[in-house]
């Protein structure tokens, strides 16, 4: 099989599970246990999570005014929080952060002197303004399944034997924070003559720890023969040139 997940992710998940158990045995709450376990794993070269600095937002200040002042509004929600925390993030910091992260990515949110282990739930991006308008985060709590997405990344697409139609770019599922899969990769160099890849072909998502929301029979990519269309285009161009010359 050619389908890959991020390197050594299963071993990282097992290590994270054991670290969480250790933190629990020290009397930490679930959210604290997960946060410090992830930090320990980062130090050991495991899952890499960027820290994003944010501030608590004054809700009396409208979002439009915040954006004019160079901030991106956001929010952090979660069952272990007393209430949703409204946020504001420097536009520069948000843009820099989103260059390396995406919907479904894990992060450490630094809000004042408080750290939160979270996941990007949603991003509102305005393509006309080329600006991030809003970022939603969800608190991660060990043992509590969350609904999230795995982003599909295509590798060596130029080697595809035909025209590639990417039908879905993200796969929705539920999982415990220790079992989150941020990205799945499809490498065209290893596809061979296979013309279709479905969700059920991604082995990292087909286990009892992942509860799929996207149908396992959903098509991710479909490859159609491209040579026929190229020949037709070339023939049409030749006829057009002949008519122009006459």
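The values are calculated or read from the model by the stated rules, or taken from the named source; none is laboratory data. A quick note: this is a predicted structure, and the numbers were derived from the prediction, not measured. Reconstructed Cβ throughout: ideal geometry from the backbone, glycine too, with neighbour counts over all protein chains shown.
Exactly one residue among 115, 131 is under 30 Å from residue 69 (Cα atoms) and touching a helix residue (DSSP H, G or I) at 6+ places or on another chain (Cβ under 7 Å), and that residue is 115.
Residue 207 fails exactly one of the following numbered conditions: (1) touching a strand residue (DSSP E or B) at 6+ places or on another chain (Cβ under 7 Å); (2) farther than 19 Å from residue 50 by Cβ. What is the number of that condition? Among (1) touching a strand residue (DSSP E or B) at 6+ places or on another chain (Cβ under 7 Å); (2) farther than 19 Å from residue 50 by Cβ, the lone unmet condition for residue 207 is (1). Taking the listed residues 184, 164, 152, the one that is part of a strand (DSSP E or B), without any contact (Cβ under 8 Å) to a residue 60 or more places away in the chain and either in contact with a strand residue (DSSP E or B) (Cβ under 9 Å, 6 or more places away or on another chain) or within 21 Å of residue 200 (Cβ to Cβ) (or both) is 164, with no other qualifying. Scanning region 112-139 for residues that are surrounded by fewer than 20 Cβ atoms within 10 Å (Cβ to Cβ), within 12 Å of residue 87 (Cβ to Cβ) and modelled with pLDDT of 95 or more returns 134, 136.
Among the residues of region 86-94, are any out of contact with any helix residue (DSSP H, G or I) (no Cβ under 6 Å at 6 or more places or on another chain) and assigned to a loop (DSSP other than H, G, I, E, B)? For region 86-94, residues out of contact with any helix residue (DSSP H, G or I) (no Cβ under 6 Å at 6 or more places or on another chain) and assigned to a loop (DSSP other than H, G, I, E, B): absent.
For region 97-111, the set of residues classified as in contact (Cβ under 8 Å) with a residue 24 or more places away in the chain and more than 17 Å from residue 150 (Cβ to Cβ) consists of 97, 98, 108, 109, 110, 111, listed by residue number.
Each row is one residue, and each column tells you yes or no for (1) at pLDDT 95 or above; (2) within 19 Å of the chain's Cα centre (by Cα); (3) under 20 Å from residue 121 (Cα atoms).
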| residue | (1), (2), (3) |
| --- | --- |
| 171 | yes, yes, yes |
| 220 | yes, yes, no |
| 234 | no, no, no |
| 244 | no, no, no |
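Taking the conditions exactly as written (exposed (fewer than 15 other Cβ atoms within 10 Å of the Cβ) and in contact with a helix residue (DSSP H, G or I) (Cβ under 8 Å, 6 or more places away or on another chain)), does residue 159 satisfy them or not? It is true that residue 159 is exposed (fewer than 15 other Cβ atoms within 10 Å of the Cβ) and in contact with a helix residue (DSSP H, G or I) (Cβ under 8 Å, 6 or more places away or on another chain).
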